[in-house]
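Working notes for the structure below.
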Amino acid sequence: MRAFITGLCLLSVLTFSVPRGTSQKPKQIVIAAGTVLDGKGGVLHNTRIVVEGSKIVRIDPNAAPVDYDLRGLTVLPGWIDSHVHITWSFGPDGKNAGPGGTTQFAKDAAAANAKATLMAGFTTVQSVGSSNDLPLRDAIARGALPGPRILTSADPLFGRNEQSGTPDEIRAFVRKQKEAGADLIKIFAAGSVRRPDMLLSQEQLNAACDEAKKLGLRTLVHAYKDAVRAAVLAGCTEIEHGPLATDDTLKLMVQKGVWLDPQAGLVMENYLLNKDKFAGTPGYPEEVFPVIKEMIPIFHDFFKQALKIPGLKIVFGSDAVAGSHGRNAEEFIDRVKDGGADPMSAMVSANSLAAEALGMSNQIGSITPGFEADIIALDGDPIKDITAVRRVVFVMKGGVVYKNARN
Ligand SMILES: [Zn+2]
């Protein structure tokens with residue numbers, strides 16, 4: 001926790017540029033870069049990115065004058081984390097307080113999570129989620145708080161077998177989240193690796209994912225083992241976690257275009273790192289911690305299993321809870337070092353691929369004219385040394401510079 005607090009303190013050394021007025025033509029910002037990862041797997045050298053207002057307007061090696069000289073760094077699109085719990089925090093007693101707090105303390109903690117996430121290079125996150133995400137999302141969107149662009153599920157559908165309701169009741173729950181302002185629907189369809197039993201029937205899952213689809217909402221399903229296949233058959237959009245699914249099920253995901261968001265370590269390492277703060281709080285009995293440790297290799301093996309399935313779309317999601325906001329990029333290191341991911345595909349999984357999974361592939365996730373100017377820079381080359389993801393020294397979101405620690 002001390003490391004976490006120190007991290008936050010360091011991150012508070014920020015520079016905010018003043019958002020420009022809209023009445024006159026916005027000034028152009030020129031960023032000089034020696035190496036640019038374009039977010040789609042390509043690399044550009046010795047070029048300049050021209051930003052106007054919130055957008056990238058052109059890539060032009062001759063653009064001048066240069067406002068930000070990022071040569072010597074690796075420039076890439078702001079990362080997208082497809083699975084966070086942005087309001088999940090530790091409470092005033094330092095203990096796990098979950099995502100649902102509504103006190104001023106909880107609101108401040110959620111705002112701090114958002115700021116830490118942005119400063120760590122994540123310009124968009126998908127929170128899955130809590131209804132407390134909604135006011136935070138909106139405050140960030142109107143510029144009242146620094147933070148990533150947030151998409152949220154609002155309240156998730158918790159699978160509780162028959163108690164989850166009839167298919168009609170489940171459809172009503174999905175509509176209620178949409179009315180509350182949800183951008184997607186989160187569904188818990190199974191327990192854990194230890195207890196992977198399905199918590200929703202095929203019929204219930206069919207109702208949830210079908211109703212969401214009718215409303216134009218994507219569905220992210222927490223699933224293990226048989227629940228993975230059931231969610232795929234139900235036409236859901238993306239599987240979260242996924243261990244104990246068979247190769248046949250993963251191949252079916254490819255056929256049906258279902259996304260996979262597996263984790264390679266951060267979420268479990270974070271529980272162990274912050275054991276004192278989680279142990280004894282709801283859902284985290286003392287005896288679960290040795291089990292969490294034993295689960296880590298299962299997640300690594302599943303990640304490797306998934307990588308072997310040709311065409312499977314593996315997206316980046318850290319599952320950040322209290323203690324890991326702002327450390328989301330540790331999951332890249334886990335994916336590369338322990339999961340066997342290729343560093344470039346790890347980067348793409350949080351850029352253009354994640355944007356596609358969010359249905360935002362024409363707005364974010366690559367350094368492309370017309371796209372949002374979400375641009376970060378790392379001190380180091382993550383393709384050669386994945387730990388460079390820890391050294392985010394420049395963050396621009398929507399054309400606004402939030403961090404420029406180089407100068
Ligand atoms: Zn989660």
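Points worth noting:
- Measuring between their Cα centroids, segment 259-309 and segment 183-197 lie 14 Å from each other.
- Convex hull of alpha carbon positions in the chain: directionally averaged projected area 18.9 nm².
- Subtracting the Cα-Cα distance of Asp381 and Asn62 from their residue separation scaled by 0.36 nm leaves 112.4 nm.
- Once the Cα atoms are used to define both axes, helix 202-214 deviates from the longest principal axis of the chain by about 30 degrees.
- For segment 145-235, the share of accessible area belonging to carbon and sulfur comes to 49 percent (1.4 Å probe, ligands and nucleic acids excluded).
- Helix-derived mean residue ellipticity, 222 nm - over the chain, DSSP H n ≥ 4, -39500 (n - 2.57), to 500: -10000 deg cm²/dmol
- Eligible aspartates and glutamates near Lys293 by straight Cα distance, threshold 19 Å, same-chain separation 8 or greater: Glu269, Asp276, Asp301, Asp319, Glu330, Glu331, Asp334, Asp338
- Cross-link pairs Lys55/Lys213; Lys213/Lys251; Lys107/Lys225 - those with Cα-Cα distance over 28 Å: Lys55/Lys213; Lys107/Lys225
- In this simple spin-label approximation, Arg142 and Asn161 carry label points 7 Å from Cα along the Cα→Cβ vector, and these lie 4.6 nm apart.
- Cβ-based net charge around Ile140, under 11 Å, with every Lys or Arg adding one and every Asp or Glu removing one: +3
- Listed pairs Lys27/Lys384; Lys214/Lys304; Lys313/Lys337; Lys115/Lys277; Lys186/Lys313; Lys277/Lys403 exceeding 24 Å between Cα atoms: Lys27/Lys384; Lys214/Lys304; Lys277/Lys403
- Here the contact order of the chain, divided by its residue count and restricted to Cα pairs under 8 Å and six or more residues apart, works out to 20 percent.
- For peptides 274-287, 189-202, 320-333, 39-52, sequence by mean Cβ density within 10 Å, most packed first: 320-333, 189-202, 39-52, 274-287
- Residue among Ile367, Ile314, Ile170 with the largest mean-square fluctuation in a Gaussian network model of the chain, springs linking Cα atoms under 10 Å: Ile170
- With Cα atoms, 0 to 90° folded angle of helix 288-307 axis to the chain main axis: 70
- Cα gyration tensor category, rounded, prolate or oblate, for segment 348-387 with a/c compared to 1.5: oblate
- By definition, a body whose alpha carbon gyration tensor gives a ≥ b ≥ c is prolate when a/c is 1.5 or more and a/b is larger than b/c, and segment 223-330 fits this prolate description.
- Stretch gain in nm, segment Glu179-Asp342, where the contour uses 0.36 nm per residue and the Cα spacing is subtracted: 54.6 nm
- Surface composition of segment 313-407: carbon and sulfur make up 47 percent of the accessible area, probe 1.4 Å.
- Cβ-based charge dipole, segment 199-329, positive-most Cα from Ile239, Ile296, Leu273: Ile239
- Förster radius 45 Å - calculated FRET efficiency between Lys27 and Leu252, Cβ distance, rounded to 0.05: 0.30
- Percentage, to the nearest whole number, of Cα pairs in segment 332-407 over 16 Å apart: 56
- Charge dipole of the chain about the Cα centre (unit charges at C-beta), most positive-ward option of Gly283, Ala190, Tyr402: Tyr402
- Counting only protein heavy atoms and a 1.4 Å probe, the chain has 41 square angstrom of accessible area per residue.
- Under 20 Å from a label point set 7 Å out along the Cα-to-Cβ vector of Glu169, the amide N atoms of segment 199-222 belong to 199-212.
- Taking label points 7 Å from Cα along the Cα-to-Cβ direction, Arg71 and Phe105 give a separation of 5.2 nm.
- Förster radius 45 Å - calculated FRET efficiency between Leu233 and Lys275 (Cβ-Cβ, nearest 0.05): 0.75
The values are calculated or read from the model by the stated rules, or taken from the named source; none is laboratory data. Everything numeric in this text was worked out from a predicted model, so none of it was measured. Note that each Cβ is placed from the backbone with ideal geometry, even for glycine, and that neighbours are counted across all protein chains shown. These area figures cover heavy atoms from the full protein model, side chains too; ligands, DNA and RNA do not enter into them. Shrake-Rupley method; radii C 1.70, N 1.55, O 1.52, S 1.80 Å.
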